[in-house]
Amino acid sequence: MSAVLPLPRLLVLSLGGTITMTASADGGILPTLGAAELVAAVPGLAEVAQIEARSPLKVGSASLTLENIAAVAADISAGFAQGVDGAIVIQGTDTIEETAFALDLLVQDERPVVVVGAMRGPQQPGADGPANLHAAALVAISKEARGLGALVVMNDEIHAARFVRKAHTALTSAFVSEMAGPLGLVAEGRVRMLARVVRPSLPALAVTGALPPVALLKIAMGDDGRLLRAVPELGFAGLVIEGAGAGHVPAAIAASVGEVAAQMPVVLASRTLAGPVFERTYAYPGSEIDLLTRGVLCAGLLTGVKARLLLTLALACGWDRTALARAFTAYG
Ligand code: ASP
């Protein structure tokens, strides 16, 4: 007679997003459903895991804050300390890539943390929420997904937090990892990992309470530097610039970048959103070599929104310039 193994334990935290949204009386959809209702709507989910479902928030994901996600990270770490085998965070897709990367930085554990959402609401034809949640649960309890940090599971694909990006406003295939491809997929109820992600080992980023404000500035053709020069007086503690191409700004504002970098950490990312920020190719005024000489740090392969999260958490932990440079180099 074979012993019946207990089901794996799964913590499911819901923060809102389209996956939770139902029709409002005034038109449009609003977050109304909680984690327990979402779990109950997925056929067969109760047979794969023993689920603890909680709903700390019910918001559109553009309203989430890094403080919210730090609290979620603390809940997940507490769940792991109490023996859960994996964790799922349900939220809106608009900022999934930010939540996933923040959790990747904040949760130090081998066990999977999976962030999931839906492109279509539960009342829309072809609602993708239940299938996404089912796939996320299979990944979150799988041995194969251990040690990969936070993951995003959407459209049956498994993405690494450091690479994933929402690249379309509407399609269920909106999530891509241009620089690495998805790490794996879920098919026939089985988690199939195709690749493993290299995870930089950084010192622990333990944060609580209010976090320092970090600005994110995208540079466009003809930018005259007005917003850039306003950043210090607006009280920001750091700045991420999304430069053009491999990390470039108009020559006319290069000196202003240097002036801001003398007052606070300034990190240079690329608005291209794929590929590394260069460090040693172009030498004209406003080029990456010029800006690095003027004191900016290079975001490496991190997009602007992810570089902003790392800079915010690192500043909250009091990291100095050397530690910041080391951390961003690790993502290069
Ligand atoms: N606007 C929604 C949100 O991010 C979109 C979604 O959930 O997919 O909350």
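The values are calculated or read from the model by the stated rules, or taken from the named source; none is laboratory data. Here the structure is a predicted model, which is why all the values come from computation and not from measurement. Methodologically, a virtual Cβ is constructed for each residue, glycine included, from the backbone with ideal geometry; neighbour enumeration extends over all protein chains shown. These area figures cover heavy atoms from the full protein model, side chains too; ligands, DNA and RNA do not enter into them. Shrake-Rupley method; radii C 1.70, N 1.55, O 1.52, S 1.80 Å.
Does residue 3 satisfy the criteria of being assigned to a loop (DSSP other than H, G, I, E, B), open to solvent by 20 Å² or more (accessible area, probe 1.4 Å), more than 16 Å from the ligand (Cβ to nearest atom) and hydrophobic (A, V, I, L, M, F, W, C)?
yes
Filter the range 13-60 down to the residues that are open to solvent by 50 Å² or more (accessible area, probe 1.4 Å), assigned to a loop (DSSP other than H, G, I, E, B), among the hydrophobic types (A, V, I, L, M, F, W, C) and under 22 Å from residue 138 (Cβ atoms) and list them by number.
The one that is open to solvent by 50 Å² or more (accessible area, probe 1.4 Å), assigned to a loop (DSSP other than H, G, I, E, B), among the hydrophobic types (A, V, I, L, M, F, W, C) and under 22 Å from residue 138 (Cβ atoms): 41.
Failed condition for residue 227, given (1) surrounded by fewer than 17 Cβ atoms within 10 Å (Cβ to Cβ); (2) in a loop (DSSP other than H, G, I, E, B); (3) not hydroxyl-bearing (Ser, Thr, Tyr), with all others met?
Exception for residue 227: condition (2).
Looking only at the range 104-127, filter to residues that are surrounded by fewer than 23 Cβ atoms within 10 Å (Cβ to Cβ) and within 10 Å of the ligand (Cβ to nearest atom); which one of those is nearest to residue 177 (Cα to Cα)?
120
How many residues does the range 150-177 hold that are surrounded by fewer than 23 Cβ atoms within 10 Å (Cβ to Cβ) and among the small types (Gly, Ala, Ser)?
Here the count works out to 4.
Scan the range 131-148 and tell me whether some residue there is within 15 Å of the chain's Cα centre (by Cα) and open to solvent by less than 30 Å² (accessible area, probe 1.4 Å).
So far as the range 131-148 goes, yes, one or more of its residues are within 15 Å of the chain's Cα centre (by Cα) and open to solvent by less than 30 Å² (accessible area, probe 1.4 Å).
Is it true that residue 195 is within 22 Å of residue 325 (Cβ to Cβ) and loosely packed, with under 15 Cβ neighbours inside 10 Å?
no
Among the residues of the range 1-30, what is the count of those that are over 20 Å from residue 153 (Cβ atoms) and touching a residue at least 24 places away in the same chain (Cβ under 8 Å)?
Result for the range 1-30: 4.
Can you confirm whether residue 275 is free of Cβ contacts under 8 Å to residues at least 24 places away in the same chain, at positive phi, out of contact with any helix residue (DSSP H, G or I) (no Cβ under 9 Å at 6 or more places or on another chain) and open to solvent by less than 50 Å² (accessible area, probe 1.4 Å)?
no
Going through the range 153-186 one residue at a time, which ones are of a type in the set (A, V, I, L, M) and not in a loop (DSSP other than H, G, I, E, B)?
153, 154, 158, 160, 176, 185, 186, listed by residue number.
From the list 101, 80, which one is away from the ligand (no atom under 15 Å from the Cβ), over 16 Å from the mean Cα position of the chain (by Cα) and assigned to a helix (DSSP H, G or I)?
80
When you scan the range 8-20, how many residues do you find that are under 16 Å from residue 96 (Cα atoms) and either hydrophobic (A, V, I, L, M, F, W, C) or at pLDDT below 95 (or both)?
4
Being open to solvent by less than 40 Å² (accessible area, probe 1.4 Å) and either part of a helix (DSSP H, G or I) or more than 16 Å from the ligand (Cβ to nearest atom) (or both) is the filter here, so list the residues in the range 83-97 that pass it. Give the derivation first.
Here is the first cut: in the range 83-97, the residues open to solvent by less than 40 Å² (accessible area, probe 1.4 Å) are 83-84, 86-93, 95-97.
Within the range 83-97, 83, 84, 86, 87, 93, 95, 96, 97 qualify.
If I go through the range 62-77 residue by residue, how many of them are open to solvent by 20 Å² or more (accessible area, probe 1.4 Å) and either within 16 Å of the ligand (Cβ to nearest atom) or closer than 12 Å to residue 15 by Cα (or both)?
Here the count works out to 7.
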